[in-house]
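A short write-up of the structure that comes next.
The values are calculated or read from the model by the stated rules, or taken from the named source; none is laboratory data. Everything quoted here is computed from the prediction, not taken from an experiment. Counting neighbours? That spans all protein chains shown, and the Cβs are built from the backbone with ideal geometry, glycine included. To get the accessible areas, we keep the full protein, side chains included, count just its heavy atoms, and leave off ligands, DNA and RNA. Shrake-Rupley method; radii C 1.70, N 1.55, O 1.52, S 1.80 Å.
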Amino acid sequence: MQESRSLVLYLEDSTPVTLNNKFASGGEGDIFLVEDQPNMAAKVYRQVAMPVTAAKLRAMPHVVSQELLSVCAWPQHLLFLQDGRGPVGFLMELISDSYSARSFYNPRECTAKFEDSSFRMTIRVCLQIVEAFSKLHAQGHLVGDVNPSNILIKQDGSVRLVDCDSFEVQSDGQMFACMVGVSSHTPPELQFADLYNVSRTTNHDLFGLAVLLFQMIHLGRHPYAGVCTEGPMSLERAIKEYRYTCGPSALKKGMVAPPGTLAHEFMPAGLARLFEQAFTEPGVRGGRPKPEHWISVLTAMENSLAQCKWDAGHQYPRHLSVCPWCALEAECGYLVHHDSGPSITPPPEPEEVLQSIYSIDVPEERVPVEVQVDDNDLKPDGRASRLGMFSYAAIATSVITGLIGARLAQGHMASGAVVGVPIAGLVAVMLLKVLATRVHDYKSDYDLATRQLQVLMSRWEAETHGTACIHMIAEAESIAQRYKDSPISARDRSPEHSAAVRGAALEVFMSRFRIRDVPLVGAGASRYVEMESFGIWSAADVRTEKLSALPGLSSAFARSFITWRDQMERRFRSEMLESIAPAAERAIDNELIRRRRMLVRELENMAPRLETCAAAVRTKREHLAADINAVAKQQQQAKLNLTAAGIVGRLAR
């Protein structure tokens with residue numbers, strides 16, 4: 001926001017310079033427009049520069065070059081007070097129509113602020129950043145304080161480095177040190193060091209460059225932010241201990257990537273190797289990737305990108321089989337690299353997808369099992385037949401013995417038979433006992449098969465119905481109806497769509513309140529970096545489940561964020577929809593597009609799910625039917641064996 005006031009300062013030759021409209025502020029000073037010089041801006045310190053800073057400032061205009069000016073907002077003329085005290089500031093190029101690197105890699109801000117937020121543009125911006133570092137280093141200078149806020153990106157993807165007065169500058173053999181830095185982009189070997197007494201090297205700058213590139217490609221995720229299996233760990237300690245969360249050594253280091261982020265497999269092999277070199281111990285010993293290495297790999301990546309069929313902004317590495325941005329949008333709940341260009345095929349209408357779902361061969365909800373046992377294929381085994389003959393012989397012996405006993409009782413038999421009859425009877429009884437024992441085995445087989453058959457028939461009833469498939473078709477029809485009922489524009493004021501438009505408008509409204517606007521008492525700036533790495537950028541992202549996934553966030557902090565979010569939400573009024581700016585209207589339309597797109601994707605995903613479900617039901621039916629028929633055959637076999645065993649077998653049944 002511009003603040004209208006004039007300020008007159010003086011060049012070194014006493015030429016007055018009128019400054020108007022303060023439009024930005026930093027830690028040390030304010031930025032003004034320059035009257036009658038539309039391409040220039042002025043940085044004015046709130047205090048007269050300290051001697052060490054003044055010496056650097058006096059040196060910087062003398063080392064300026066066209067190479068530096070093409071990539072940096074380099075100090076070109078110093079500014080003084082009327083009495084000659086100073087320098088109190090300097091003139092530099094005005095970088096208009098631009099936003100910080102943080103705004104670019106924040107998915108919500110990028111789609112709202114940049115005309116081209118495609119992934120291809122992201123790769124081109126990365127190349128521009130690498131080129132800027134390369135040109136600066138070639139002039140003998142270092143960034144030192146590598147920081148996404150110190151990189152401005154214009155609509156055409158060109159890049160300018162700003163806050164150059166904090167750089168490490170070389171002039172006439174003298175090096176003017178950079179004495180500041182942010183921990184999130186400070187290399188492991190300098191973590192917890194006193195930066196006032198550090199001699200910076202190009203390799204230190206290359207670490208910060210690698211972090212920036214990683215964040216650009218991974219939508220703001222920091223390469224060392226994640227979940228530590230050993231317990232909560234600060235970002236500074238993770239960097240110090242080389243706990244890179246996206247490489248093959250991540251698990252060995254006890255690190256797991258944040259949820260809802262790109263997998264390691266997203267990166268082509270060459271790019272993955274460069275990041276691994278930059279963020280692990282070999283980067284210190286053997287040197288981190290140089291600009292030419294990044295340029296080679298990023299250029300090759302850009303030249304081999306595949307195009308998503310749904311979104312013109314969705315390009316992705318060709319080695320992937322599906323668009324990762326579409327999947328990420330479904331998981332994170334906002335558009336990523338969105339650009340609905342006219343050359344992209346629009347999503348299919350729900351009716352088209354429904355017809356493909358209806359064409360799937362879905363099994364009937366319930367069908368009886370067919371038990372087919374052919375008795376002609378079954379015969380009692382030989383042992384059962386022999387048992388049958390023995391059983392009849394034993395019974396005959398018992399009958400004869402009984403008749404003889406009756407004759408003896410009447411005195412009609414000889415005395416020798418008195419001895420034979422009891423023996424014959426005893427033999428018959430023993431034979432019957434042996435037969436009963438053997439027949440018991442067949443009876444056990446029969447009972448076991450009967451119980452198994454009962455269990456299998458119960459499973460058939462419980463596991464082979466097609467109810468899940470029927471429910472999925474009903475769910476698909478419900479999704480299609482929700483799509484038809486959803487609004488397509490922020491200008492839609494119809495009663496049936498008002499709630500959906502209001503919800504999308506609220507989402508856009510909440511996304512304007514950034515997490516960095518909330519003062520984190522007792523926490524450093526790296527906590528913001530961690531929250532952004534976990535997908536928490538604004539009030540729209542503050543949800544209990546997201547906060548709970550963030551390691552080391554106390555319940556008191558979580559409550560304070562929830563309270564802040566609720567306060568922001570209460571500021572929203574429905575009447576704001578009546579006079580929204582075109583940019584806000586476009587953002588609401590994008591949110592409505594995202595919601596409709598999610599419905600179509602959900603519907604498209606229903607078809608393979610239904611096919612899988614139907615196949616599972618058919619497979620279950622086939623397997624259970626085979627088991628049921630096999631057990632029914634065993635039961636029938638046991639029944640035949642009992643029958644063949646004769647009267648004893650029939651008695652056992």
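Residue 73: surrounded by 18 or more Cβ atoms within 10 Å (Cβ to Cβ) and of a type outside the set (Asp, Glu), yes or no? It is true that residue 73 is surrounded by 18 or more Cβ atoms within 10 Å (Cβ to Cβ) and of a type outside the set (Asp, Glu). Applying the condition of being part of a helix (DSSP H, G or I) and surrounded by 15 or more Cβ atoms within 10 Å (Cβ to Cβ) to region 541-561 and asking which residue is modelled with the lowest pLDDT yields 557. Restricting the search to region 180-200, which residues are charged (D, E, K, R), modelled with pLDDT under 90 and part of a helix (DSSP H, G or I)? Residues satisfying the conditions do not exist here. One residue stands out among those in region 585-600 that are farther than 15 Å from residue 484 by Cβ and buried (at least 18 other Cβ atoms within 10 Å of the Cβ): the one that is nearest to the chain's Cα centre (by Cα), which is 594. Only a single criterion out of (1) in contact with a helix residue (DSSP H, G or I) (Cβ under 6 Å, 6 or more places away or on another chain); (2) in a loop (DSSP other than H, G, I, E, B); (3) in contact (Cβ under 8 Å) with a residue 40 or more places away in the chain is not satisfied by residue 244, namely (3). If you go through region 518-540 and keep only what is without any contact (Cβ under 8 Å) to a residue 60 or more places away in the chain, within 16 Å of the chain's Cα centre (by Cα) and part of a helix (DSSP H, G or I), you end up with just 531. Here 474, 499, 525 are screened, and the one residue that is farther than 28 Å from residue 109 by Cβ, surrounded by fewer than 15 Cβ atoms within 10 Å (Cβ to Cβ) and not basic (Lys, Arg) is 474. Looking across 330, 257, one residue alone is open to solvent by 50 Å² or more (accessible area, probe 1.4 Å), closer than 30 Å to residue 543 by Cβ and among the hydrophobic types (A, V, I, L, M, F, W, C). It is 330. As a summary of the residue check, residue 224 satisfies the conditions (1) surrounded by fewer than 24 Cβ atoms within 10 Å (Cβ to Cβ); (2) at pLDDT 95 or above; (3) in a loop (DSSP other than H, G, I, E, B); (4) not β-branched (Val, Ile, Thr) except for the one numbered (1). Run residue 461 past the list (1) open to solvent by 50 Å² or more (accessible area, probe 1.4 Å); (2) modelled with pLDDT under 75; (3) not aromatic (Phe, Trp, Tyr) and report the number of the one that doesn't hold. With respect to (1) open to solvent by 50 Å² or more (accessible area, probe 1.4 Å); (2) modelled with pLDDT under 75; (3) not aromatic (Phe, Trp, Tyr), residue 461 is out only on (2). Residues in region 290-336 that are out of contact with any Ser or Thr (no Cβ under 7 Å at 6 or more places or on another chain), of a type in the set (D, E, K, R) and farther than 18 Å from residue 595 by Cα: 290, 292, 302. Here residue 203 passes the criteria (1) touching a Lys or Arg at 6+ places or on another chain (Cβ under 9 Å); (2) open to solvent by 10 Å² or more (accessible area, probe 1.4 Å); (3) not in a helix (DSSP H, G or I) except the one numbered (3). For residue 280, the conditions (1) open to solvent by less than 30 Å² (accessible area, probe 1.4 Å); (2) closer than 20 Å to residue 325 by Cα all hold with the exception of (2).
Criterion first (of a type in the set (A, V, I, L, M), crowded, with 18+ Cβ neighbours inside 10 Å and touching a residue at least 12 places away in the same chain (Cβ under 8 Å)) does residue 219 satisfy it? When the stated conditions are applied, residue 219 passes them. Picking from residues in region 1-58 that are more than 17 Å from residue 84 (Cβ to Cβ) and among the basic types (Lys, Arg), the one that is surrounded by the fewest Cβ atoms within 10 Å (Cβ to Cβ) is 5. Within region 169-179, the set of residues being surrounded by fewer than 23 Cβ atoms within 10 Å (Cβ to Cβ) and either outside any strand (DSSP E or B) or within 39 Å of the chain's Cα centre (by Cα) (or both) comprises 172, 173, 177, 179. Only a single criterion out of (1) at pLDDT below 90; (2) closer than 20 Å to residue 183 by Cβ is not satisfied by residue 235, namely (1). Open to solvent by 20 Å² or more (accessible area, probe 1.4 Å), at pLDDT 85 or above and out of contact with any strand residue (DSSP E or B) (no Cβ under 6 Å at 6 or more places or on another chain), is that true of residue 288? Criteria not met by residue 288.
Only one entry in 115, 109, 131 is closer than 18 Å to residue 220 by Cβ and either in contact (Cβ under 8 Å) with a residue 60 or more places away in the chain or open to solvent by 10 Å² or more (accessible area, probe 1.4 Å) (or both), namely 109. Kindly provide the set of residues from region 1-19 that are assigned to a strand (DSSP E or B) and at pLDDT 90 or above, ordered by number. Within region 1-19, 7, 8, 9, 10, 16, 17, 18, 19 qualify.
Of the residues making up region 129-145, one or more are modelled with pLDDT of 95 or more and touching a Ser or Thr at 6+ places or on another chain (Cβ under 6 Å).
Conditions first: (1) over 15 Å from residue 216 (Cα atoms); (2) touching a Lys or Arg at 6+ places or on another chain (Cβ under 8 Å); (3) open to solvent by 40 Å² or more (accessible area, probe 1.4 Å); (4) not basic (Lys, Arg). Residue 142 passes all but one, so which condition is the exception? It is condition (3) that residue 142 fails.
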